[in-house]
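Asker: Sharing a structure, written as structure tokens. Questions coming.
The values are calculated or read from the model by the stated rules, or taken from the named source; none is laboratory data. Because the structure is predicted, anything quoted here is derived from the model rather than measured. Because the Cβ atoms are built from the backbone with ideal geometry, glycine has one as well, and the counts that use them run over all protein chains shown. Side chains are part of the model used for accessible areas, which takes the heavy atoms of the whole protein and leaves out ligands, DNA and RNA. Shrake-Rupley method; radii C 1.70, N 1.55, O 1.52, S 1.80 Å.
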Amino acid sequence: MHIKDVLATVNEEFQAVDKLIHEQLESRVPLVEKIAEYIVSSGGKRIRPLLVLLTAKSFGRADADAVKLATVIEFLHTATLLHDDVVDTSDMRRGNPTANARWGNAPSVLVGDFLYSRAFEMMVELASIPVMQILSNATCVIAEGEVLQLTNVKNPDTTEAQYMDVIHGKTAMLFEASTHSAASLLGLNDQDRLAFKEYGKELGMAFQLVDDVLDYEGNAEEMGKNVGDDLAEGKPTLPLIHAMANASEADSQLIRQAIRKGGLDSMDDVLRIVHACGSIEYTRQQAQACRDRAQAHLAHLPQSAAKDALMALATIAVERTT
């Protein structure tokens, strides 16, 4: 199953989400609307709202409330992107200039705040305390994950366990919240709510681990961002952490110095060491293990096209090249 087949499973509902997104972007301040439209229309995969719709569809209940929840999730995600790009001083995302590169940091942060606020307005309209609990907690965990990542920048002593904690917060948490909130909105039993929660978490972890791999062997034009960005920013991602633990003392010290310094002056040497230590393959294997766990969590569900799509999505996440 390809991604287009996954999307076809909820095509009608996905179109409804797109319509609601643009309706909810309306603002009396033209610049708010302009920046918000720019970022949400910049070619993202919209995996997180897709997860909401597929979760609901797997129980035959992808109704107007599910569409609204999917829109809430997309707004939360878009707000984090606007803020992240400012924090990371990024100038390219999805092959386009970032909002902060075009309009500056202050408008980008404030439009991110607008999107968070609009998301919570829609969340209140859903009138589900469990959903509000899940998503309010998720926004806190995501913020903590971003701060934790910031404290680890240029720190070569970051451990694998600490890094997994970072990526759970900054990436996997919103995947987890997407499936968990959808399952709660449907009023599913405890077993099924937990199954969807854990599926989302493992899928998100797999997604980020593959991003780590692509930062060292991806294609900048296909990815829509610069290859080597993580190293340039001094971020100790899993390929580097694994390589430092398995390389010779001299090579380990070279990577440590590259992380402390940031930039791409040592990129060729770092790539040589990372490949020689099997660190790319190790990271892929961790992503594959996350995929396997994600799929196992949904194995007990009744057969449906939506279940097939969720299972396929986990495989697509680890096999992607962008």
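Asker: I'd like to check one number: the per residue accessible area of the chain, probe 1.4 Å, reported in Å² as a whole number.
Answerer: On a per-residue basis, 42 Å².
Asker: So what's the angle, to the nearest 10 degrees on a 0 to 90 scale, between helix 173-185 and the longest Cα principal axis of the chain?
Answerer: 20 degrees
Asker: When all protein chains stay in place, what accessible area (Å², nearest 10, 1.4 Å probe) is found for R46?
Answerer: Probe radius 1.4 Å; accessible area of R46 about 40 Å².
Asker: Normalised by the residues of the chain, what does the relative contact order come to in percent, with Cα pairs under 8 Å and at least six apart?
Answerer: Averaging sequence separation for qualifying contacts and normalising by length gives 20 percent for the chain.
Asker: Please enumerate, by chain and number, the lysines with C-alpha under 29 Å from the C-alpha of K154, excluding those fewer than 8 residues away in the same chain.
Answerer: Excluding near neighbours in sequence, the set is K170, K201, K225, K235, K261.
Asker: May I pose another question? When only the heavy atoms of the protein chains count and the probe is 1.4 Å, how do I273, I3 rank by accessible area, highest first?
Answerer: Sorted descending by solvent-accessible area, the residues read I3, I273.
Asker: Computed FRET efficiency, Cβ-Cβ of E12 and Q303, R0 22 Å: what is it to the nearest 0.05?
Answerer: Rounded to the nearest 0.05, the efficiency is 0.55.
Asker: Let me ask something else. Where does the charge balance sit around C140 when Lys and Arg score +1, Asp and Glu -1, over other residues with C-beta under 15 Å from its C-beta?
Answerer: Net charge around C140: -3.
Asker: Follow-up. According to a simple spin-label model (label point 7 Å from Cα along Cα-to-Cβ), what is the distance in nm between K34 and K4?
Answerer: Spacing of the two 7 Å Cα→Cβ label points: 3.6 nm.
Asker: Now for a different question. Can you compute the modelled spin-label distance between V124 and Q253, with each label point 7 Å from Cα toward Cβ, in nm?
Answerer: My value for the distance between the label points is 6.0 nm.
Asker: Quick check: convex hull over the Cα atoms of segment 117-240, volume per residue in Å³, rounded to an integer?
Answerer: Spelled out: Cα convex hull of segment 117-240, divided by residues, is 120 Å³.
Asker: Taking all protein chains together and a probe of 1.4 Å, list K235, K19 from the most accessible to the least accessible.
Answerer: Ranked list, largest accessible area first: K19, K235.
Asker: Would you rank C140, C290 by solvent-accessible area, highest first, keeping every protein chain in place and using a 1.4 Å probe?
Answerer: C140, C290
Asker: In addition: When the accessible area of the chain is computed with all protein chains present and a 1.4 Å probe, what percentage of it is carbon and sulfur?
Answerer: Answer for the chain: carbon and sulfur cover 51 percent of the accessible area.
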